[in-house]
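Worksheet for the structure shown next.
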Amino acid sequence: VTLRVDVERMVAGGVALGRDGSGRVVLVEGALPGEVVEVAPTVDGPRSARGAVTEVVVASPARRSAHCDEVDAGCGGCDWAHVDPAAQPSLKAEVVRDALARLARRPDVPVDPGAVLPAEGYRTTVRAGVLDGRAAFHRRRSAELHLPDACPVAHPLVEEVLIEGRFPSAREVLVRCGAATGERMVVVTPSAEGATVPPGVRLVGSDELRGGRRAWIHEEVDGRRFRISAASFFQARPDGAAALADSVRDALGDIGDARVVDLYGGVGLFTGLLGARAGVLVERSAAAVADARVNLAEFGTRTVRVAVERWRPAPADLVVADPARSGLGAAGVAAVVATGALRVALVSCDPASLGRDVALLDAAGWEPTGVVLVDLFPRTHHLEAVTTLVRR
Ligand SMILES: C[S@@+](CC[C@H](N)C(=O)[O-])C[C@H]1O[C@@H](n2cnc3c(N)ncnc32)[C@H](O)[C@@H]1O
């Protein structure tokens, strides 16, 4: 059985929402707004259905062939390989508008799709599974793995490790490079035993990290150098990190002598690029805090190693908050509120948590004045968004 679906719009998770002949809602993988597609349903309920495109009857002008042999061979790493990269920011903006309207009841907040970043050779951090001792990606809509011969979205320094590396004792690898420094590292889970990597690549097992071994690389963003330890978070591309920091700077306005709090601050990216003096950085990861202390030594930043929800809030003029996918939630919002900040830059990587967090901050007295997207992950549905909130 297939369903013929008129596709209306993109929604969270990178899927499209459309309707079949009876008006039933169908969530479709691999479709674009304005298209008419045939869908093989994997879920076929009375009020809604879900499935993937089997045939495109009327194509969107934004559709293009994947231009990637690996995607053609079933690699599921890039779920938007069929979408023109130039069209992706505005489709992602649509998803954010939908989340703001449904979850925050704020359809009026302007959403700027932001700049288009290069769609090839961009990822300086890649996490992969391991199949037969080699780095592998999930196949589309499957728990099985695909062994790639190339990865066009990975930075060439990362791609070489993914393709050439051998990891006989692993089930997962995290490959990271500094695009500006040329330094490279692989974190192998659970063990790097027997692994081989190209010369000069630092190799460390997650078992060794647990045993206290330290390993890091350096990257430069906007001319500023950051130490990044094996267990620390870092944005997946340095040009995207710079673009995010620009949007945060725009959201916060003049920093001057303002008291700046950097929540979920990682290795200090935003404090460092904003040049915030004598601010506070709150971060739960010990590795990231150790990096931040090195990276921000010149600023006199107070680094606090604690979960945001357990942090004893300090008064602030400006707050940047960049939580994990689940968002700030009530406890994170309470911490922001307790700072009494005049302006907040909320960095979100999930449209649903963006919508929920904006709703909570709006109710607490912070007006969302605009959202700017930074398309850190072209060829995938993933997005980053910076929301400006101003205290009423
Ligand atoms: C999306 S990353 C952002 C890091 C940094 N702002 C950056 O751009 O590089 C989120 C960070 O929050 C940290 N984190 C996650 N949950 C946390 C919590 N409940 N309290 C404090 N930090 C947390 C993670 O360790 C990670 O470093």
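Some observations on this one:
- Seen from residue 316, the other residues with C-beta closer than 10 Å to its C-beta sum to a net charge of 0, counting Lys and Arg as +1 and Asp and Glu as -1.
- For segment 295-384, a crude dipole built from +1 on the beta carbon of Lys and Arg and -1 on the beta carbon of Asp and Glu, taken about the Cα centre, is about 320 debye to the nearest 20.
- Distances between placed amide hydrogens fall under 5 Å for residue 367 paired with 390, 391, 392, all partners being 5 or more residues away or on another chain.
- Centre-to-centre separation between the Cα atoms of segment 164-211 and those of segment 32-56: 40 Å.
- Accessible area (Å², 1.4 Å probe, nearest 10) - residue 218: 30
- With all protein chains modelled, accessible area of residue 353 [1.4 Å, Å²]: 0
- Distance (nanometres) between label positions extended 7 Å along Cα→Cβ at residue 224 and residue 278: 1.8
- Applying a DSSP loop filter and a limit of 13 other Cβ atoms within 10 Å to the trypsin sites (Lys or Arg not before Pro) in segment 1-51 leaves 47.
- Here the Gaussian network model covers the chain, with springs between Cα atoms less than 10 Å apart; of 57, 109, 282, 57 fluctuates the most.
- Vicinal HN-Hα couplings computed from phi for segment 125-141 (Karplus, 6.51 cos²θ - 1.76 cosθ + 1.60; Hz; Gly/Pro x): 10, 9, 9, 9, x, 9, 10, 6, x, 10, 5, 8, 10, 4, 6, 4, 6
- Accessible-area rank, largest first, for 383, 209: 209, 383, with all protein chains present and a 1.4 angstrom probe.
- Computed from backbone phi, the HN-Hα couplings of segment 328-336 come to 6, x, 4, 5, x, 5, 4, 5, 4 Hz, rounded to whole numbers (Karplus: 6.51 cos²θ - 1.76 cosθ + 1.60, θ = phi - 60°; Gly and Pro given as x).
- Exposure ranking of 22, 348, 90 by accessible area [1.4 Å probe, largest first]: 22, 90, 348
- Estimated vicinal HN-Hα couplings, Hz - segment 157-171 in sequence order (Karplus 6.51, -1.76, 1.60; Gly, Pro = x): 5, 7, 4, 4, 5, 4, 7, 8, x, 10, 9, x, 10, 10, 10
- Computed with every protein chain present, the accessible area of residue 79 is close to 60 Å² [probe 1.4 Å].
- If only the Cβ of Lys and Arg carry +1 and only the Cβ of Asp and Glu carry -1, the dipole of segment 1-122 around its Cα centre is close to 660 debye.
- Global form of segment 4-156, assessed from the alpha-carbon gyration tensor, a/c cut-off 1.5: oblate
- Dipole magnitude (debye, nearest 20) for the chain, charges at Cβ of Lys, Arg, Asp, Glu: 1240
- Loop sites in segment 167-243: trypsin sites (Lys or Arg not before Pro), DSSP, at most 14 other Cβ within 10 Å: 213, 214
- Net lengthening on full extension, residue 390/residue 47 (0.36 nm per residue, minus Cα-Cα): 119.5 nm
- Normalised by residue number, the volume inside the convex hull of the Cα atoms of the chain is 141 Å³ per residue.
The values are calculated or read from the model by the stated rules, or taken from the named source; none is laboratory data. For clarity, every value in this text was computed on a predicted model and none was experimentally measured. So basically every Cβ, Gly included, is an ideal-geometry build from the backbone, and we count neighbours across all protein chains shown. Side chains included, ligands, DNA and RNA excluded: accessible areas come from the protein's heavy atoms. Shrake-Rupley method; radii C 1.70, N 1.55, O 1.52, S 1.80 Å.
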